[in-house]
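The values are calculated or read from the model by the stated rules, or taken from the named source; none is laboratory data. Keep in mind that what you see is a predicted model, and the values were worked out from it rather than measured. Cβ: placed from backbone, ideal geometry, glycine included. Neighbour counts: every protein chain shown. What goes into the accessible areas is simple: the full protein's heavy atoms, side chains included, and nothing from ligands, DNA or RNA. Shrake-Rupley method; radii C 1.70, N 1.55, O 1.52, S 1.80 Å.
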Amino acid sequence: MEEKTAEETPAINSANATVKGEANIKPQFRTTKDAFHEFVDSNWKTNGAKGGNEDAKEAAPVEEPESKKLKLDTDHNKSEKPDKKQWRGQNKSRPHTKPTAYDEKRLCMSVLKDDKQCHFGEKCNFYHDIGEYMKTKPADIGDKCYLYDTFGKCPYTVSCRYAMAHTTPDFKTMEKMDLVKEFEGRNVVKNSLSKDLQISLRKRSVKFPKSDEFLQALAKQKEKREQQENGAKNASADKVEEVQQASTEPETQVNTEKKTEVKTVGPLTDADIIKLRPCEKKQVDFKDKLYLAPLTTCGNLPFRRVCKRFGADITCGEMAMCTNLLQGQQSEWALLKRHESEDVFGVQLEGCFPDTMSRCAELINNNIEVDFVDINSGCPIDLVYKKGGGCGLMTRTRKFEQIIRGMNSVLDVPLTVKIRTGVQEKCNIAHKLIPEFKQWDVSMITLHGRSREQRYTKSADWDYISSCAELASPVPLYGNGDILSYEDAMKARETGVSGIMIARGALIKPWIFTEIKENRHWDISSGERLDILRDFSNFGLEHWGSDTRGVEKARTFMLEWLSFMCRYIPVGVLERVPQKINERPPYYIGRDYLESLMASQNVGDWVRISEMLLGPVPKNFNFLPKHKANAYK
């Protein structure tokens, strides 16, 4: 791609001074909204489309979303009662395209796997003739298949969107035997849900002996507590009766009763001998590590692989609902998958009841390979909070204790907890919970320096995180919030935390882990950033598949990531380094065309970038309306 210097860019609006809340850009790069889009659109056909498929030239520009307007509640509006419930922030009217719409009639799996006959027989709705399927199959994206070049064979054979790389004229699939032998018997991706386990979960035939034992003990405690509460109501009558009995009973019996009133640990049982003590569990060194946060939607396996390449020490799967895991839902179990490059890997569970959480922990402990299990008690969304999960657990101390003790009793790996400062904005409660966590044998605590009500409207409170880290000692406490540069990380480490968790900073620039470890600002080029996206697309094809469904799923998650990545401002463009995470990027022309394209907050430009790597979008691709709401999130 030809580079475009600042002198060759459109006229700069010198009057466009720095606005409060915007990052400081060097004057020679600043421009206006209209001039920016005119530059990007006019140069796309000559510069941008060279990096991808020729069909990308015909991509129609999409109008940029309007800025959010503050809705004021007037007396007139308050008096009017809407007929239907207004869904705020739900985006219910967004059209949704199911993955099946991209490839309506696929090739039958019996043909792909070379089975002699189809199990569904005449009832099967898919193609069994490869020749007929090839007439309806969309055109190939490229002439090189990442799966074929990496593993020696492509499991999607002729349905692959890069099939010309490994298919003979008579539709036979080629193989590279040296690579096939190298990966034979090697599990690159672990923690997949087996068919037998899925069937057992759906039939509810899986046994949970350790969880049942804990729940029975819990039920006995509840029954005892209820008896004590009922007994307290008749305290006066009982007291008179006890005095009368004490006068008639022998002295030895009275002495025994007095002894039983003293609180003891209890008798030693076989369960206590067999049960693992905290010191005997698998240990994880949590000291001074860089922890990639469990990011819903964006924290998928391909993205975690990108971050591991740049130096992330600890990775964690996306938040998984324990009830869905217990039901054997394939989509939920996919969140637990682990790549071989993830050396310290954990899974994050969400739930609000001791029975489901302890059973889910036992299920994970017996069937997949993880280094730790994390409890999500920081999720702020209404769907989770209103049923008592996420942040709701912070206000339900008794349930929280039962969940932690129950999961600890069935796990052979450390149990960690992620919390926020509190629920209300000016009412911090994390410092009250941390001493309890220490008693409940939590192995590590992660504290996000904002409350549920604050979301991202305020800066993270690192002073409060510092006081909580001192309170948590010797249990390691990780701090989280507003880390976008190595300078932010250095300031965070000075607070006394055991380590740093990075969330939005990794989405905006995944190379932040390298910057922190090398103590420098990386003025990364637009070509290097495109290579990162190319790696993500390759990892996505490996994870979701190289057929039409897999390609469009990889595109969907890439566009979701680009809605964050467009906020990055190159170091060479900034007037003041480093960029702060809560500063909005103004309109600017980059040092070359690709850098300008990547700075666009227009969804149409994000699609153009995806077309450079994954080919043109299908006609029925309804992803754009969703991101009109996400362009400025």
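Assorted remarks:
- Flag for residue 423 being part of a loop (DSSP other than H, G, I, E, B), free of Cβ contacts under 8 Å to residues at least 60 places away in the same chain and open to solvent by less than 10 Å² (accessible area, probe 1.4 Å): yes
- Residue 561 under 29 Å from residue 338 (Cβ atoms) and assigned to a loop (DSSP other than H, G, I, E, B): no
- Test set (1) crowded, with 24+ Cβ neighbours inside 10 Å; (2) at pLDDT 95 or above - residue 337 fails condition number: (1)
- Per-region count, the stretch 474-488, residues outside any loop (DSSP other than H, G, I, E, B), open to solvent by less than 30 Å² (accessible area, probe 1.4 Å) and of a type outside the set (D, E, K, R): 4
- Residue-level analysis places residue 529 among those that are outside any loop (DSSP other than H, G, I, E, B), at pLDDT 95 or above and open to solvent by less than 10 Å² (accessible area, probe 1.4 Å).
- Residue 369 meets the conditions (1) open to solvent by less than 10 Å² (accessible area, probe 1.4 Å); (2) of a type outside the set (Ser, Thr, Tyr); (3) at pLDDT 90 or above in every case but one. The failed one is (1).
- Residues located in the stretch 498-518, provided they are over 18 Å from the mean Cα position of the chain (by Cα), open to solvent by less than 20 Å² (accessible area, probe 1.4 Å) and either of a type in the set (D, E, K, R) or under 13 Å from residue 469 (Cβ atoms) (or both): 499, 515
Residues are listed down the side, and each one gets a yes or a no for (1) under 20 Å from residue 580 (Cα atoms); (2) open to solvent by less than 70 Å² (accessible area, probe 1.4 Å); (3) at pLDDT below 85; (4) of a type in the set (Val, Ile, Thr):
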{"residue": "3", "(1), (2), (3), (4)": "no, no, yes, no"}
{"residue": "7", "(1), (2), (3), (4)": "no, no, yes, no"}
{"residue": "27", "(1), (2), (3), (4)": "yes, no, no, no"}
{"residue": "30", "(1), (2), (3), (4)": "yes, yes, no, no"}
{"residue": "33", "(1), (2), (3), (4)": "no, no, no, no"}
{"residue": "41", "(1), (2), (3), (4)": "no, yes, no, no"}
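- Near pairs, Cβ below 8 angstrom, 6+ apart or cross-chain, from the stretch 595-609 (under 23 Å from residue 571 (Cβ atoms) and of a type in the set (D, E, K, R)) to any residue that is assigned to a helix (DSSP H, G or I) and open to solvent by less than 10 Å² (accessible area, probe 1.4 Å): 595/526; 605/40; 605/597
- Residue 151 surrounded by 13 or more Cβ atoms within 10 Å (Cβ to Cβ), aromatic (Phe, Trp, Tyr) and out of contact with any Ser or Thr (no Cβ under 8 Å at 6 or more places or on another chain): yes
- Sole exception among (1) within 25 Å of residue 502 (Cβ to Cβ); (2) open to solvent by 10 Å² or more (accessible area, probe 1.4 Å) for residue 451, by number: (2)
- Among residues of the stretch 6-33 that are under 17 Å from residue 597 (Cβ atoms) and of a type in the set (D, E, K, R), those with a Cβ under 6 angstrom from a residue that is at pLDDT 50 or above and open to solvent by 40 Å² or more (accessible area, probe 1.4 Å), sequence gap 6+ or separate chain, pair up as 33/587.
- Residue within the stretch 560-582 that is within 26 Å of residue 520 (Cα to Cα), β-branched (Val, Ile, Thr), under 27 Å from the mean Cα position of the chain (by Cα) and open to solvent by 10 Å² or more (accessible area, probe 1.4 Å) present: yes
- In the stretch 612-633, the residue that is modelled with the lowest pLDDT out of those that are open to solvent by less than 10 Å² (accessible area, probe 1.4 Å) and assigned to a helix (DSSP H, G or I) is 627.
- Pairing each residue of the stretch 213-230 that is within 22 Å of residue 410 (Cβ to Cβ) with any residue that is acidic (Asp, Glu) and at pLDDT 80 or above, provided the two are 6+ apart or on different chains, yields C-beta distances under 6 Å for 215/355.
- The lone exception for residue 134 - which of (1) in contact with a Phe, Trp or Tyr (Cβ under 9 Å, 6 or more places away or on another chain); (2) at pLDDT 90 or above it fails: (2)
- Taken over the stretch 489-521, the criterion of being in contact with a Gly (Cβ under 8 Å, 6 or more places away or on another chain), in a helix (DSSP H, G or I) and not hydroxyl-bearing (Ser, Thr, Tyr) is satisfied by 492, 512, 513, 516, 517.
- Boolean, residue 524 is open to solvent by 10 Å² or more (accessible area, probe 1.4 Å) and β-branched (Val, Ile, Thr): no
- Residue 459 fulfils the conditions (1) in a loop (DSSP other than H, G, I, E, B); (2) touching a residue at least 40 places away in the same chain (Cβ under 8 Å); (3) surrounded by 23 or more Cβ atoms within 10 Å (Cβ to Cβ) except for a single criterion, (3).
- Subset tally (residues that are surrounded by 15 or more Cβ atoms within 10 Å (Cβ to Cβ) and part of a strand (DSSP E or B)) for the stretch 157-210: 3
- Among the residues making up the stretch 410-442, a single one is closer than 23 Å to residue 213 by Cβ and among the aromatic types (Phe, Trp, Tyr): 440.
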